[in-house]
Amino acid sequence: MKKKLLLLGIAAVLLVVVVSGVSFLFLSYKDKILPGVRVEWIDVGGLTKEEARKKIELSQQEFLSAPVELVAGENKLETTRAELGFSMDAEKVVDKCYLLGKSGSLFKRIDQFWDAYLHQIEVPYQEVKVDYSKAEKILEPLTKNIGDKPQNARLVIDDRDKISIIPGKPGLTADLESSFKELLSFNKPFTATVELQFREQEPEVTTEDVQAMGINGLLASYSTSFDASNINRSHNIALASKALNGSLVKPGEVFSFNGRVGPRTAKRGYREAIIIEANQFVPGLGGGVCQVSTTLYNAVLLAGLEIVERSNHSLAIAYAPLGRDAAVSYGYQDLKFRNNMDSYIYIKTHVGRGVLTMKIFGNTKQKKKVQLQTSINSVIQPKVITKKDSNLLEGKTVVENSGAKGYRVSAYRIIDGTKHLLSNDYYRPINRVVRVGTKPAPEPDPPKGNGDDEPQEPGQPQEPEEPVGDDNGGNGDNGDNNGDNGAKGDNGDNRENDDPTG
């Protein structure tokens, strides 16, 4: 009995010692990593999380900035892993080290303590991440002359609207995953020479992919005219049209004009021309772009596609019928439509000799019979605003702005015999502004020769001049002096051929 009590006492003492020792170790490394813990060859035992992070980051930086040489045939490129898009995260691996002996069951924590104390625990380094798209750009000078690149199949529509498919071709591409295996090793020395490996790659878009789009003919076409002598406006029209040319829209996809064309800024090549801003015609960047959106809008209407978003101009324009314009302003007004067909559609643009044309191609089996109608519901006459002008003589008037009519218009689309309302639009009138003179007429000069003048000495009489041909009493220009009185092309309602682009 006494022996049993003695053994129990010894066991109790040992338990107290072990528990006390473990408790002491737990408390000693409460805010530190266990001793004997390494990340690969980096000893982080006994360090705080912050100390371990700095130590690991220093080694990672050395790894990422070490010079490496890549070889492709006779070409070589010296760079670093960082430039190739390699990256590492020290935080995650430090967290793994820190949690050893601090998480899980008591027995698991004690076991990790003994492993770390008596042996060593090696934590794998955090996986190296690679931005392969960045690597491809860096390696482009090295790989561009190594065989042909894969070529995507593409749709081509010529000037006669003939549709053909350019087949896709496989080509050689750098196999970066295989090539970079050696560079991923986090072992010294960090410098390395790697020969790039290449593999055959199929094109991303195959001939079968293009055939499956179902584009086989013209669905609709619409053209508008512009003044080709207006260089800046013509330039903007061509620039925006080029951005639209070749656009493919998937079935069900919503197409955004602003999303495709982008901001109309000087940096992107747009010039200053007349726009509509605050209900006035003023110079602004991108003038003319709304003619592009309007032309596309009419082509889309005729193709029977679904309109998602469209706005009319605040003032009447002349390059399209009232009710069928589409104002756009980046970040404010957009033209959007949905491809409500079962096949892709393709947008083709052409600009030349003062004519802008938009064509919509798709599957002609889904072609609809479409008619467009507009109805002018009311015409709003402009108000006449008179302004007093102290610089203009009394009785004189000058027309500062001839004004323009306003309109209320309804637009309709008839699809396969069914009539649909497109929009009810309002175009503001432009007031007629007349300046009226208020400046008093000057007093007439007093008459001369009233007898008070002193007599002058008589002078020598002038010799008569020889006659100089026929004297017609005019200025020699009595022909057709019509000048520019017919060159402005006023169409009666003074609608301007300009647009807002913001």
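Please treat every number below as a calculation from the coordinates, not as lab data. Note that the structure is a prediction, hence the values are computed from the model and not measured. No Cβ is skipped: glycine too gets one built from the backbone with ideal geometry, and neighbour counts run over all protein chains shown.
Taking a spot 7 Å from the Cα of residue 243 along the direction of its beta carbon, which residues of the range 260-287 have an amide N less than 13 Å from it? Under 13 Å, as judged by backbone N against the label point of residue 243, lie 260-271, 285-287 of the range 260-287. Reported to the nearest whole Å, the Cα centre-to-centre distance from the range 194-228 to the range 342-398 is 32.
Charged side chains reduced to their Cβ positions (Lys and Arg at +1, Asp and Glu at -1) give the range 202-302 a dipole of some 460 debye around its Cα centre. Decide, for the range 314-356, between rounded, prolate and oblate: order the square roots of the alpha carbon gyration tensor eigenvalues as a ≥ b ≥ c, take rounded if a/c falls under 1.5, and otherwise choose prolate if a/b is larger than b/c, else oblate. Note, shape of the range 314-356 comes out oblate.
Roughly how big is the range 369-441's charge dipole about its Cα centre, with Cβ charges of +1 (Lys, Arg) and -1 (Asp, Glu), in debye to the nearest 20? Can you show the working numbers first?
Numbers: 13 positive and 5 negative charges, 18 e Å.
Taking the Cα centre of the range 369-441 as origin, the dipole is about 80 debye.
Taking each of 137/250; 336/367; 55/181 in turn, the alpha-carbon distance tops 27 angstrom for 137/250.
Think of the range 127-284 as a dipole: +1 on every Lys or Arg Cβ, -1 on every Asp or Glu Cβ, centred on the Cα centre; then among 246, 172, 183, 246 lies furthest on the positive end.
Label zone of residue 154 (point 7 Å out along Cα→Cβ, amide N under 20 Å): in the range 234-273 this covers 239-250, 260-262.
Calculated FRET efficiency, residue 95 to residue 187, Cβ-Cβ distance, R0 = 30 Å: about 0.85 to the nearest 0.05. Net charge dipole, the range 284-399: roughly 360 debye, given to the nearest 20, about the Cα centre with Cβ charges of +1 for Lys and Arg and -1 for Asp and Glu.
Going by the alpha-carbon gyration tensor, a ≥ b ≥ c the square roots of its eigenvalues, is the range 213-368 rounded (a/c under 1.5) or, if a/c is not under 1.5, prolate (a/b greater than b/c) versus oblate? Verdict is prolate for the range 213-368.
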